[in-house]
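Scroll down for the structure; my scribbles are underneath it.
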Amino acid sequence: MKLLVVVVVAWMGLECSADMQVNKETTEGASKTVVDELKTLKLNSLAGFLDKAKLTDALKGKGPFTVFAPTDEAFKRLSKPVMDALNKGTDTAKDVLQYHVVSGHTIMSKDLKNDEIVGMLNMKNTTINVYQPMNTKIYTINGVDITKPDNNADNGVVHEISRVLYPFPNGTVGGLIKYSEAHKILSGLLDKAKLMATLQSTTQKFTLFAPTDAAFKLVNMTELNKLNETELTKVLLRHVLPDIYYQQAFNDNESITTASKETMVFIVGVGGVDVVVDMIEGYVNNPNHACTNGVVHAIDRVLWK
């Protein structure tokens, strides 16, 4: 797979405010609305939560709207506090639900581009990725599979997705590692190599395979700490890909060039994904942590001798 060029296009939902107030242009109801389409698709949980948050009437307006709609099963995987908020229709619920809606645009799957930034109704951004393994296309939003796209309504379109888009990406790749309790050693090494600022950049895209603190206990830390800045930088950059690759992008025996200019090979099986650099293999044990400038996959080995 060749590295993909970053494309940034913001679809900003300007027709409605963050409270989803319907203006005069959107009060004319459509004959078959996106809300009707949710019911046709049996996405009953989302439809019910929209009712409780008093957002249904807005989505019956002229629009157009693009709705990324989680399945009923997807909502069951949320934590109890989030489910309680959704059941009560709180401000948190509105924020979560509006993060699944684009106002003012009907965005079909054919319009989606890799690394595209899409502005949602709650004024937060999502990232679209398009991968093409084995002559097929996989569409994701924040790393979540778009499983049933292009369900048309008169006032927009509904795309069924496999998970709820929550929690929101609220930090960069570097920021996630900096504040992660499981990556204190990696954070310190990134600071030492002066790479933390790079991974916090908002103008570049990264995929980081992040060894946990437990992973670093499997290597000779005394020898690792003796590396000079150039040597340490190369070791750390072999864990970085210069673009956004969620787990869905990886194909068995595929290779991608790392930021250290070395070859990373992927082993994809029923149990998940392993990554190999210079014959050192690590297992992706916690994938797809969406960030504002990329994604982090936790791994169980440091890709170093």
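The values are calculated or read from the model by the stated rules, or taken from the named source; none is laboratory data. Quick caveat: nothing in here was measured; it's all calculated off a predicted structure. Quick reminder, even Gly has a Cβ in these numbers, built from the backbone with ideal geometry, and neighbours come from all protein chains shown. Accessible surface is based on the protein model in full, side chains and every heavy atom, while ligands, DNA and RNA are left aside. Shrake-Rupley method; radii C 1.70, N 1.55, O 1.52, S 1.80 Å.
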- [ ] Could you check residue 158 against (1) farther than 17 Å from residue 59 by Cα; (2) surrounded by 22 or more Cβ atoms within 10 Å (Cβ to Cβ) and say which number it fails?
- [x] (1)
Task: Failed criterion for residue 13 (all others in (1) at pLDDT below 90; (2) surrounded by 22 or more Cβ atoms within 10 Å (Cβ to Cβ); (3) in a helix (DSSP H, G or I) hold) - done: (3)
TODO: Could you tell me which of the residues 258, 222 is open to solvent by 60 Å² or more (accessible area, probe 1.4 Å) and of a type in the set (Val, Ile, Thr)?
DONE: 222
- [ ] Please state which of the following conditions residue 194 fails to meet, knowing it meets all the rest: (1) in contact (Cβ under 8 Å) with a residue 40 or more places away in the chain; (2) charged (D, E, K, R); (3) within 19 Å of residue 296 (Cα to Cα).
- [x] (1)
TODO: Would you tally the residues in segment 141-157 being of a type outside the set (A, V, I, L, M, F, W, C), in contact with a helix residue (DSSP H, G or I) (Cβ under 8 Å, 6 or more places away or on another chain) and either closer than 22 Å to residue 246 by Cα or part of a strand (DSSP E or B) (or both)?
DONE: 7
Open item on the list: Against the condition closer than 28 Å to residue 75 by Cα, part of a loop (DSSP other than H, G, I, E, B) and either open to solvent by 20 Å² or more (accessible area, probe 1.4 Å) or of a type outside the set (Lys, Arg) (or both), how does residue 180 come out, does it pass?
Closed with: yes
- [ ] Among the residues of segment 204-226, write down those that are over 16 Å from residue 293 (Cβ atoms) and under 31 Å from the mean Cα position of the chain (by Cα).
- [x] 211, 212, 213, 214, 215, 216, 217, 218, 219
Task: Matching residues, segment 277-289, being over 20 Å from residue 182 (Cα atoms) and without any contact (Cβ under 8 Å) to a residue 24 or more places away in the chain - done: 279
Task: Residues of segment 224-253 classified as assigned to a loop (DSSP other than H, G, I, E, B) and under 12 Å from residue 277 (Cα atoms), total - done: 2
Task: Residues of segment 276-301 that turn out to be over 20 Å from the mean Cα position of the chain (by Cα) and β-branched (Val, Ile, Thr), as a count - done: 3
Task: Scope segment 195-219; condition outside any helix (DSSP H, G or I) and open to solvent by less than 80 Å² (accessible area, probe 1.4 Å); matching residues - done: 195, 200, 201, 205, 206, 207, 208, 209, 210, 211, 212, 219
- [ ] Could you tell me which of the residues 57, 36 is part of a helix (DSSP H, G or I), open to solvent by 50 Å² or more (accessible area, probe 1.4 Å), at pLDDT 95 or above and touching a strand residue (DSSP E or B) at 6+ places or on another chain (Cβ under 8 Å)?
- [x] 36
Open item on the list: Report every pair of residues separated by at least 6 positions or lying on different chains whose Cβ atoms are under 9 Å apart, first residue within segment 210-229 and within 24 Å of residue 245 (Cα to Cα) and modelled with pLDDT of 95 or more, second outside any strand (DSSP E or B) and basic (Lys, Arg).
Closed with: 211/301; 213/184; 215/301
Task: Residues being surrounded by fewer than 22 Cβ atoms within 10 Å (Cβ to Cβ), touching an Asp or Glu at 6+ places or on another chain (Cβ under 8 Å) and assigned to a helix (DSSP H, G or I) - total across segment 84-109 - done: 1
